[in-house]
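To start, the structure under review is shown below, and the notes come after it.
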Amino acid sequence: MDRTVAAWMSAGLLAYVAYPLLGGGGTVAGAALWDVLAAATLVAVLAGIRRNRPEPRLAWYLFAASVLFRMAGDISYDIDLHVLHRDPFPSLADVFYLVSCPPLIIGSIMLARGRLLRDLAGRLDAAIIATGLGLVWWVFVIGPVAADESIAPLERLVGAAYPAFDLVLLAIVARLLTRSGRASASLLLITAGTGAMLISDVAFQLVSVYAPALDGSVSAGWMVGNVLYGAAALHRSAGAAAPPARPVDPRLGRGRLVLLAACTLLVPALLFIEGATGSGEISWPAIGTGAVLLFLLVLARMSGFVTQIQRQAGQLEDLALRDALTGLPNRRVFEERLGAAVAAGSPQVAVLDLNGFKDVNDRLGHGVGDRLLEVVAGRLLGALRDGDVVARMGGDEFAVLVPGGSAAVMDRIVRRIGTALREPITLDGQDLLVGASIGTADGAGTTDGFEVLRRADVAMYAAKQAGERHRRYLPDLDVQAAEEARIGAELRAALDEGRFRLVYQPVVSLPDHRMVAVEALVRWEHPVRGTLAPAEFLPVAERSGLIVELGDWILRTACAEAAGWLRTLGAGAPGRLHVNVSDRQLADPGFPALVAATLAETRLPADHLTLEVTETALIHGGEAVRALDDLRALGVPVALDDFGTGHSSLGLLQSVPVDVIKVDRSFVASITRAGRHAVIATALLQVSDGLGMAAVAEGVETAEQAAELHRIGYRFAQGNLFGEPVAQPRFDGAGVTTGTGAATVS
């Protein structure tokens, strides 16, 4: 509350306390104080309009007009009472008082800024409350005044007009109190002021009818109302924009339910009270009309409540059946439709998984990833026919159902999907290319919809593993899947039982063949098939996710052995240990921390460890490149393995922090023959030299290859010529013999 409003409220409180001390309205001093407060209220309202420039301005001027007319009524009444020494009824004061009511009512509605008309439930609640209380008001106040034939007609008309206007004010206050949303402080002050005025009006009319001697004790509410009106206009929130509307809440809270129930019970309560008085006079027309009106209002309220509940139930059902992000049917709906399609015939099903979606999330954030899924969903819908179904199964996986279609029809749809997805998707100013691996299957030989979906899923994974766009299900794929599952289970057991071991292959300098590093390679000691090379099990480990656990074991074990060589051999130990890192390991945000913990645990210096990564792990950037930056910050060098085979190798060297490139064996195999491979090998060496990187030629098998590599400028090489991978290499720090195919002391 700012100082102006606080000062006004303080002054109003002093007037409220001083008024009865001055004798109230029965004395000239008390009447003067009353009129001064009324005039001050008008000034405060006009000052508030000038200060805050509220909207709508007309509403506040109507409000000021109401205060002006009420003030004129107060002054006119005081002149009659204290100057002319009379108390006529009706009088000019009554004219001013009655004229003040319409602008107050209209202004209050306008100041509410539409809140009174925003929701049907709130309006009905206000109508029920106003009808119930208005019925009481009619029976005990308006009715007796209007029916009293001993009073002159003009007096009866004016006497009934006051409570009639109060009924309208009652409806407005009831609606303001039952509104939804957040009201401004100014509107709350208006509501409180109107409520205070209404209470005093009601009390005065009841006192006038039933206890005229107490009419001087009910003026407090009018004073409070004036003070609150002035504060409402002066408050800064009078000029603020209306708070945003909240969604209408149709629920009946406990307090509101009790209030509505009490209002509906007023009809039998009135009958009971009038019957208990023994007069035998019951206001049947008024009570009957009120009872019917309350019944209709309650019926409308409950009807609206039930309608809202039904609408919400429908929305919940729709949410349960649709994907919240894309609006497509979800897995549950798809499986139900698939079951019906299988029962009716042999449907076609496609399962597709987006390629590179995780990289979009990593590089651009999940918000962009979500919008990408929305665009893809729209394109999938556009590629289908009427009657076909596309659903989001979860993550970046979608499924398509073609009821009663043929394989040829499904192939055409797959082609349309491929065409739709090949178009770039522009998000946040970037053109994103999205591909998909698609597997299709039909319901031949089965009546189980889940089996059809499983077949399509198997075909999709086969397409993804083979790098293909589309694969149709064949029974042979189940054999492959079963074999992969079996190998995966055996890998799990081998990890638990410690059936893996490491072997090491030397990296040498040219031309002296001196060992400068060793590369750690893993072997699987299979209980039935013997020693298995990485190519026989690492692809399965990669797809199953076991590669992360296996890679962690390789890193810890190799670092521990290398640290042991340093402690026992000193300068005779190899200068570096090379350890391969899988794509999944590098994408794990916790990988750099694992490397740091391993180095600390084994006490291996960071510059003695070189981590080898592949181009495929880096071409999309994201978490993998951030991991390399973190590793370089630890002091761990990075080598790019199988360099030259990827489609973006040279571009990678500009953006990826790499220290060593290992030239792929495919360029080394024909290095002794003039041709393209020899030219490329030479160019790659020049690129590495220009960027300040070391180049290692992989797969050297003959002395002629080693000599040619040295001639064109290579200084490091690796291959079986210098030693096959063995579990316990022998070092002397001087060289490696090449005649036995194993690393030996020269």
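Figures for the structure shown
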| quantity | calculated |
| --- | --- |
| Ascending count of other beta-carbon atoms within 10 Å, so fewest first, for Leu372, Leu611 | Leu372, Leu611 |
| Summed side-chain charge close to Val452 - residues other than Val452 whose Cβ falls under 12 Å, Lys, Arg +1, Asp, Glu -1 | -2 |
| Cα-based Rg of the range 11-136 normalised by 2.2 N^0.38 Å, two decimals | 1.29 |
| Residue-span extension gain [Ala344 to Glu536] - 0.36 nm each, minus C-alpha spacing | 64.7 nm |
| Reciprocal mean inverse distance between Cα atoms of the range 20-69 - Kirkwood radius, Å | 12.0 |
| Taking Phe272, Phe334, Phe731 and counting other C-beta atoms within 10 Å, the order from fewest to most | Phe272, Phe731, Phe334 |
| Cα lying deepest toward the dipole's positive end in the chain, options Phe204, Gly26, Gly498, charges on Cβ | Gly26 |
| Long-range tail of P(r) for the range 331-473 (Cα pairs > 22 Å, %) | 35 |
| Quarter of the Cα convex hull surface for the range 494-538, i.e. its orientation-mean projected area (nm²) | 4.0 |
| Long-range Cα-Cα pairs in the range 331-372 (distance over 17 Å), rounded percent | 53 |
| Proximal charge balance of Asp496 [Cβ under 13 Å; K/R count +1, D/E count -1] | -1 |
| Lys, Arg +1 and Asp, Glu -1 on Cβ, resulting dipole of the range 32-132 about Cα centre, debye, nearest 20 | 660 |
| Simple Cβ-charge dipole of the range 331-473, Lys/Arg +1 and Asp/Glu -1, about Cα centre, in debye nearest 20 | 300 |
| Packing-based exposure ordering (other Cβ within 10 Å, fewest first) of Lys464, Lys358 | Lys358, Lys464 |
| Farthest toward positive dipole pole in the range 331-473 [+1 Lys/Arg, -1 Asp/Glu at C-beta], among Gly369, Gly405, Pro424 | Gly405 |
| Directionally averaged projected area (convex hull, Cα atoms, the range 525-659), nm² | 9.3 |
| Cα lying deepest toward the dipole's positive end in the chain, options Ile106, Gly290, Gly635, charges on Cβ | Ile106 |
| Contour excess over end-to-end distance, with Cα ends at Glu374 and Leu188 and 0.36 nm allotted per residue | 62.6 nm |
| Test item: Cα-centred dipole of the chain, Lys/Arg +1 and Asp/Glu -1 on Cβ, debye | 1060 |
| Peptides 70-78, 16-24 ordered by average Cβ neighbours within 10 Å, highest first | 70-78, 16-24 |
| Per-selection Kirkwood Rh - the chain (Cα, Å, 1 d.p.) | 34.9 |
| Neighbourhood net charge (14 Å Cβ-Cβ; Lys/Arg +1, Asp/Glu -1) for Ala441 | -3 |
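All of the numbers you see were taken from the coordinates with simple rules; none came from a lab. What you see is a predicted model, and the numbers here were worked out from it, not measured in a lab. All Cβ positions, even for glycine, are placed from backbone atoms using ideal geometry, and neighbour counts span all protein chains on display.
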